[in-house]
Amino acid sequence: MIEERLEKKEMIVEPSISLFRGHKFLEYVDYKQFKEVVEKELSFKAISGEPFDQFYSRFLENHRHKQNDFDKIFFENILYGQLKNVYVSKIKGSVQYTPKNFRTAVKLLIKDINIDNPIIPVNYHDSMSEKGFYLMDSLSIGVSGTKFIAGFDYKTDKDKVTNARFLFVEVVPRKNETEAYFLAGVEIDFTNQVYLIMVRNLVGIEKSDGNESLWDSSINSLYKKINETILKYLRIAGYVDVNTDRGGMFKMCEELDTMLLKDIREEVNKKVHRKIGIFTNEIFNTLFMDESVPTFEKQVVTEKLQALLLGSYINIRIKGDSLRKKAKDLNLIGYPTRINFKSNKASQSSTKSSDKSRPIASSEMFHSLYIDFKQAVALPYWSLSWFSDYKHLTNDHKDVIQTTIVSTSTYFKVVFLARRHLDKEFFHYVIETINRYRGY
């Protein structure tokens with residue numbers, strides 16, 4: 001039986017008054033989605049026009065015994081909603097923790113980052129337990145450069161920790177504004193030996209003066225700092241296999257293209273294959289006369305002509321959003337919208353569709369590069385639009401969420417490009433689907 005560990009939190013406020021202090025977190029929250037989840041899971045409905053802090057206070061006045069459940073929903077709304085730059089690492093070695101050993105490691109992490117931090121009010125120290133806590137509603141820190149953990153929980157199965165989540169915060173100054181929170185979420189999946197670091201692209205951060213930076217001002221620098229923290233305290237080191245990753249991404253992209261265009265390719269090739277063969281022979285005979293030409297040279301030209309004609313056929317015959325609708329009807333996860341690759345013979349090549357709603361297969365440029373793409377067998381950078389109705393419960397083929405996937409020698413990153421707020425289920429669906437193609 002899986003058990004989630006979370007110590008009950010007692011706020012140090014008057015019993016009849018429940019003040020919300022977590023206003024700096026609200027730019028990371030989708031209030032509408034949050035209210036819907038609270039109503040569904042906790043049977044508590046918001047009043048029309050009610051601001052967040054009043055909704056919070058009213059809930060606690062009536063259901064203080066459910067505060068941890070309420071705070072968990074708040075925690076997940078932040079963690080999975082807007083932290084859209086997701087670094088996905090495999091855990092080096094087989095790292096496993098018993099609950100006792102894990103709590104010991106986390107206790108030191110909390111002590112060094114939170115308890116020993118003079119900026120954090122001491123009356124919250126008792127709530128910062130190694131058994132778990134959510135303090136997003138309570139903490140309001142306005143000193144630039146302050147770093148703290150706002151929330152943490154974990155799950156166990158028998159005598160093993162299976163999952164752990166952290167919400168790290170850096171207080172940063174923004175241009176022409178007051179201080180803001182620069183957030184990084186961490187999720188460690190001990191069962192599958194994967195861990196995620198999720199960061200939001202917070203714009204307008206002022207850079208720290210002096211040689212030593214007092215706070216992070218970029219996604220990459222915050223990612224590196226959190227990575228170092230996880231290694232130092234939890235002894236978890238991530239790694240990527242860039243060749244396997246790029247090969248897996250090529251396979252994923254190619255499969256989607258093949259499934260989407262299989263019948264159309266077969267139809268076009270059936271109509272033109274014989275004529276292209278005759279045409280190719282005639283052209284080579286004209287160019288080279290009595291010289292012997294390797295068969296594979298003719299084959300390459302034949303395949304390129306077939307690809308070009310397929311592109312023309314799609315451009316002329318398949319109108320509007322027909323390809324997107326077809327992808328949905330086939331129950332595909334979505335469709336590629338951009339590829340960036342280097343083939344064995346060609347230099348770096350890149351092509352993309354006009355926007356997230358159009359598959360790259362609708363671009364004639366894609367078909368002109370198709371043979372080079374097939375020879376690449378590795379894909380370091382590409383974009384993919386996912387159907388938001390990923391369970392295929394409806395026929396809606398118009399609502400998609402675009403991601404860009406980047407594979408380098410030092411990291412593997414998934415970037416959700418949609419401005420909308422994500423939910424936990426869709427977030428995990430995307431990451432887990434991609435991970436299945438990485439193959440290690």
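The values are calculated or read from the model by the stated rules, or taken from the named source; none is laboratory data. Just so it is clear, the model here is predicted, and its values are computed rather than measured. All Cβ positions, glycine included, derive from the backbone under ideal geometry; neighbour counts span all protein chains shown. We work out accessible area using only protein heavy atoms, side chains counted, and drop any ligands, DNA or RNA first. Shrake-Rupley method; radii C 1.70, N 1.55, O 1.52, S 1.80 Å.
If one computes P(r) from the Cα atoms of the range 337-427, what percent of pairs lie at distances over 14 Å? That fraction is 69 percent. Placing unit charges on the Cβ atoms of the charged side chains and taking the dipole of the range 248-353 about its Cα centre, the candidate lying farthest along the positive direction among Met259, Leu323, Ser349 is Leu323.
Rank these residues by their accessible area, most exposed first, probe 1.4 Å: Ser213, Ser48.
Solvent-accessible surface, decreasing: Ser48, Ser213.
Each of Thr295 and Leu231 was given a label point 7 Å from its Cα along the Cα-to-Cβ line. The distance between the two points is 5.3 nm.
Across the range 46-152, C-alpha contacts under 8 Å between residues 6 or more apart give a mean separation that, scaled by the residue count, equals a relative contact order of 25 percent. For the Cα trace of the range 84-189, dividing Rg by the Kirkwood Rh returns an Rg/Rh value of 1.00.
Using +1 on the beta carbon of Lys and Arg, -1 on that of Asp and Glu, and nothing else charged, what's the dipole of the range 338-440 about the Cα centre, debye to 20?
Value, rounded to 20: 280 debye.
Which FRET efficiency value, to the nearest 0.05, do you get for His63 and His23 by plugging their Cβ-Cβ distance into 1/(1 + (r/R0)^6) with R0 = 35 Å? According to the calculation, E is roughly 0.95.
Between Leu308 and Lys391, the contour length at 0.36 nm per residue exceeds the alpha carbon distance by 26.4 nm. With a simple spin-label model that places each label point 7 Å from the Cα along the Cα-to-Cβ direction, the separation between Thr191 and Ile115 comes to 3.1 nm. Taking all protein chains into account, the per residue accessible area for the chain stands at 49 Å² (1.4 Å probe). For the chain, the share of alpha carbon pairs falling in successive 20 Å distance bins from zero is 22, 47, 23, 7, 1 percent. Cross-link partners of Lys147 among lysines, defined as those whose alpha carbon lies under 17 angstrom from its own and excluding same-chain residues fewer than eight positions apart: Lys24, Lys107, Lys111, Lys207, Lys224, Lys225, Lys232. Between the listed residues Phe152, Pro118, Val171, the Cα displaced farthest toward the positive end of the dipole of the range 84-216, a dipole computed from Cβ unit charges relative to the Cα centre, is found at Phe152. Overall, the chain carries a charge dipole of about 860 debye about its Cα centre when +1 sits on the Cβ of Lys and Arg and -1 on the Cβ of Asp and Glu, all other atoms neutral. The HN-Hα couplings worked out from phi for the range 350-360 by the Karplus form 6.51 cos²θ - 1.76 cosθ + 1.60 (θ = phi - 60°) are 8, 8, 8, 7, 5, 6, 5, 7, 10, x, 4 Hz, whole numbers, x standing for Gly and Pro. When the Cα positions of Val194, Ile205, Tyr233 are compared along the charge dipole of the range 187-301, Val194 comes out farthest toward the positive end, with charges on each C-beta of Lys, Arg, Asp and Glu. Ranked by the mean number of other Cβ atoms within 10 Å per residue, highest first, peptides 86-95, 314-323, 415-424 order as 86-95, 415-424, 314-323.
Counted residue by residue at 0.36 nm each, then reduced by the alpha carbon distance between them, the extension gain from Leu214 to Lys325 reaches 34.9 nm.
Computed over neighbours whose Cβ is under 15 Å from that of Pro118, the net charge equals 0, Lys and Arg +1, Asp and Glu -1. Sparsely packed loop sites in the range 107-207 (the GluC sites (Glu not before Pro) outside DSSP H, G, I, E and B with at most 10 other Cβ atoms within 10 Å) comprise Glu177.
Residues within the reach of a label modelled at Val415 (point 7 angstrom out along Cα to beta-carbon, backbone nitrogen below 19 Å), restricted to the range 347-364, are 349-358, 360. Relative contact order, whole percent, for the chain stands at 16, derived from Cα pairs under 8 Å and 6 or more residues apart. Total lysine pairs in the range 310-390 at Cα distances under 24 Å, for residues eight or more apart or on different chains: 16.
Can you send over the carbon and sulfur percentage of the accessible area for the chain, probe radius 1.4 Å, protein chains only? Exposed carbon and sulfur together represent 50 percent of the surface.
In a reduced charge model with +1 at each Lys and Arg Cβ and -1 at each Asp and Glu Cβ, the range 19-76 shows a dipole moment near 140 debye about its Cα centre.
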